Amino acid sequence: MKPSGIIATPPASAFGMDVPSPCIKVCTLDREGVCTGCGRRIEEIAAWPQASDEQRRRIAEAARRRRLERLSSLQKRIGR
């Protein structure tokens with residue numbers, strides 16, 4: 001049987017991690033060093049592999065707030 005080329009990624013819990021990465025594979029940093037895809041700062045991205053679940057939850061929440069702020073700012077600029 002020929003491989004399909006699709007690689008299944010095991011869930012984060014398979015690696016002992018309960019908090020999934022917010023990464024959405026759109027890795028581009030803005031002028032402030034914040035990823036335009038996931039909303040994490042470069043320091044948070046670098047710290048993620050060694051972070052505890054509690055630290056990851058805080059990072060993920062801060063990233064979520066940044067994404068929402070960015071969206072709100074963009075909507076204001078285009079008049080929505």
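The numbers here are math on the coordinates, done by the rules we state, and not lab data. These numbers come from a predicted model, not from an experiment. As a convention, Cβ positions derive from the backbone with ideal geometry for all residues, glycine included, and neighbour counts pool all protein chains shown.
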Practice prompt. Largest first and in whole Å, give the semi-axes of the stretch 21-77's equivalent ellipsoid, each being the square root of 5 times a Cα gyration tensor eigenvalue.
Written response: 21, 12, 9
Practice prompt. Would you mind calculating the relative contact order of the stretch 21-77 from Cα pairs under 8 angstrom and at least 6 residues apart, reporting the percent as a whole number?
Written response: 28 percent
Discussion item. I'd like the GluC sites (Glu not before Pro) in the stretch 27-80 restricted to DSSP loop residues with at most 13 other Cβ atoms within 10 Å, sorted by number.
Written reply: Glu32
Worksheet item: With a sphere of radius 15 Å drawn around the Cβ of Arg40, what net charge do the other residues whose Cβ falls strictly inside it have (Lys, Arg +1; Asp, Glu -1)?
Response: +4
